[in-house]
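The values are calculated or read from the model by the stated rules, or taken from the named source; none is laboratory data. Quick caveat, the model's predicted, so the values are computed rather than measured. Counting neighbours? That spans all protein chains shown, and the Cβs are built from the backbone with ideal geometry, glycine included.
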Amino acid sequence: MGSRAEILAKLKANKPEALPLPQIDSSIFDEGLNLIEEFTKKVEVVGGNVYQATSADDVVKQITKMLPDTKVNFSTLEGTSAFNTIDLSTINDPRELEDLDILILESDLAVAENGAVWVNDQSLPIRVLPFITKHLVLVLSKEHILPYMHQAYEKLNHQPTDFGVFISGPSKTADIEQSLVIGAHGALSLTVFLLD
Amino acid sequence: MSHPKLASIFNKDEKKVDWHDKALWFVRHKRDKSVHSVKNWEELRNLGQGIKAHMLSNLDIYLEEFEANANKNGVEVHWAANAEEHNQIVHNILKENNAKKVVKSKSMLTEECHLNPHLEADGIEVIDTDLGERIVQLAKEPPSHIVLPAIHKNKHEVDELFQEHLGTEPCDGNPQYLTHEARKHLRQKFIEADAAITGVNFAIAETGGFVVCTNEGNADMGAHLAPVHIACMGVEKIIPKLEHLSVFLRLLGRSATGQPITTYSSHFKKPANGKKMHIVIVDNGRSEQLSRPDFRASLRCIRCGACMNTCPIYRRSGGHSYDATVPGPIGSILSPGKDLKKHSTLPFASTLCGSCSDVCPVKIDIHAQLYKWRQIITKETPQPFVKKKSMQIMGSVFTKPKQFETVGKIARWSLRNLPQSVINSKPNVWGKERDLPKGPKQSFDQWYNERQKNKNNS
């Protein structure tokens, strides 16, 4: 518990008079974006790639062509279990995923203004998966792209999650002389497939 | 040491200063480009300011709501009045879990509390995992910028550090190679870690969850692999509702680096099966800052670093010259509240140009607060004799127009006629490290009167 009561009492005594909470009117930010175009542009700006696909099978086919000869693959897409080289139910410790080459995940929410794709516990059997994999593939239906973060949180308000993450591009750093390097601690590459 | 003294040390390497200045200005430029493409950016800033100001005026209530919801989520919440208590709480959690190896992602709060030395004294290994922070940790230095911790180091220095500590090959400072080697080195640390410590960017009262933003993915690698996750936050990190994240995540990345959003915005709420999650809520002087009407707005800060990137003083004096956990303009209004004497030169490390306030995503009146701290400092801390005397003399001259005119005439003549060696001599602090302009023949007054006369004649 520590100094709980003392801290709260001080904050209560020292805070200013109550100020009103502003309401967010998301319509004032609306520029009438072309959602697919803007989303694609932004994913590319942050270092990812966007492709079209017709089905889950098509995604697997395209990605095996792009990244051939990988050893450890895992997909959560329905009907693609032939792609998987590991069985998550035998993984006792997330650290065993260290050698994961390709991870394919589904998402039902993405944001056009910043190219961010939402991934949460429901589609994520083990939380470290999208971070520890070398190559991350996210699959998304076009209709699930929303224009701004405001619309995204309107949707998330109705989908409470224990853990979720917006991912915008592959991991990166510019900590050495401001030179951008793709591939810091998380995924080295990010590929997004859009389904009709 | 005072800011001017430390700044003059940084300024010895002119080439480096030029690089530092340009590199940060480039980040400011990227911020502008990104911000200008957002429709109604100013309204977004107003929302950011308004939500934070509302939060501060109800802070105790939102903290209690946050705690109750976090408890419901199975997260243990701890409260620390000061840095020492914070360090003890973290230390105790680590001991309870028999944790000897800890990975840490960026957290200015744990820097503020000097957590690392506290834990290391008990034989606990603490590894900073953000690349920039790892670089300064290896160099045994504090971060010099809150978003770009190693901005003061060039690639050759990093090359040497890595050769010495990570056993890398000499690479002429190749950032690609060095980053890749750091990834391999830190991957091992993530795998071995018994516990992960992260900061908190936003804590949501309504859900009891919190958000951590990184570009490297280091917070997630640590938190999801280690069995214990400890998140440390200042009391002011609270926001009321989940939907408010839409405002702050739009503001943060763009203001910090010009990115439309950080690569990872991770929303933690409940611990994963079989894992433990702790939150440490820290005051450490914040409740006192809340009591100061002139300075409480500084608690709205979301730590984007935009004020540093734009500041002409910061860019040319370097983060270490501030000798404070948070450097730059925002640090200069936060630090005097903690130790007025130690940080008494910081509010003077500014031209009061106001650029910091212009770029601040939550509209903190930074330059106005710098000015207000100066008023307090000149009253409460001893000032150098020369400065005190010259201010008195100037104050008197400014009230007497005739005297002012004479002094002006002498000054203009001197600037035109005295040799460089006298103009840039030691007693003239204005001539230190800078060329002074040639003194004009006319004063403004003379020029104006002449102009009026010519106007009337024509």
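Quick notes on this one:
- Only listed residue being more than 8 Å from every other protein chain (Cβ to nearest Cβ) and either on the phi > 0 side of the Ramachandran plot or under 16 Å from the mean Cα position of the chain (by Cα) (or both), chosen from A:Leu129, A:Leu97: A:Leu129
- Out of B:Val136, B:Val158, B:Val102, sole residue that is of a type in the set (A, V, I, L, M) and in contact (Cβ under 8 Å) with a residue 24 or more places away in the chain: B:Val102
- Residue in segment B:100-110 that is surrounded by fewer than 18 Cβ atoms within 10 Å (Cβ to Cβ) and in a helix (DSSP H, G or I) present: no
- Criterion (at pLDDT 95 or above, among the β-branched types (Val, Ile, Thr) and part of a helix (DSSP H, G or I)) met by exactly one of A:Thr70, A:Thr40: A:Thr40
- Flag if A:Val165 is more than 10 Å from chain B (Cβ to nearest Cβ), at negative phi, at pLDDT 95 or above and buried (at least 24 other Cβ atoms within 10 Å of the Cβ): no
- Per-region count, segment B:153-167, residues within 12 Å of another protein chain (Cβ to nearest Cβ) and either touching a His at 6+ places or on another chain (Cβ under 8 Å) or surrounded by 15 or more Cβ atoms within 10 Å (Cβ to Cβ) (or both): 8
- All positions within segment A:85-129 that are under 19 Å from A:Met66 (Cβ atoms) and exposed (fewer than 15 other Cβ atoms within 10 Å of the Cβ): A:Thr85
- The set of residues in segment A:10-28 that are touching a Leu at 6+ places or on another chain (Cβ under 7 Å) and farther than 30 Å from B:Asn82 by Cα comprises A:Pro22, A:Ile24.
- Only one entry in B:Ile377, B:Ile410, B:Ile366 is more than 30 Å from B:Phe248 (Cβ to Cβ) and in contact (Cβ under 8 Å) with a residue 40 or more places away in the chain, namely B:Ile377.
- Test: residue in segment B:392-413 that is part of a helix (DSSP H, G or I) and under 33 Å from the mean Cα position of the chain (by Cα): no
- Residues of segment A:1-34 that turn out to be under 33 Å from the mean Cα position of the chain (by Cα), within 7 Å of another protein chain (Cβ to nearest Cβ) and assigned to a helix (DSSP H, G or I), as a count: 2
- Pairs are defined by a Cβ separation below 7 Å, a sequence spacing of at least 6 or placement on different chains, a first member in segment B:7-20 that is in the same structural domain as B:His156 (by TED's automatic domain parsing), and a second member that is buried (at least 16 other Cβ atoms within 10 Å of the Cβ) and among the aromatic types (Phe, Trp, Tyr); no pair meets this definition.
- B:Tyr371 being modelled with pLDDT of 95 or more and either closer than 23 Å to B:Ser34 by Cβ or in contact with a strand residue (DSSP E or B) (Cβ under 6 Å, 6 or more places away or on another chain) (or both): no
- Of the numbered criteria (1) in contact with a helix residue (DSSP H, G or I) (Cβ under 9 Å, 6 or more places away or on another chain); (2) over 23 Å from B:Pro143 (Cβ atoms), the one B:Cys356 fails is (2).
- Flag if B:Ala150 is under 30 Å from B:Asn58 (Cβ atoms) and either without any contact (Cβ under 8 Å) to a residue 24 or more places away in the chain or touching a strand residue (DSSP E or B) at 6+ places or on another chain (Cβ under 6 Å) (or both): no
- Test result for B:Val247, among the aliphatic types (A, V, I, L, M) and closer than 18 Å to B:Gly305 by Cα: yes
- With respect to the conditions (1) more than 30 Å from A:Asp162 (Cβ to Cβ); (2) surrounded by fewer than 18 Cβ atoms within 10 Å (Cβ to Cβ); (3) more than 9 Å from every other protein chain (Cβ to nearest Cβ), B:Arg31 lacks only one, and its number is (2).
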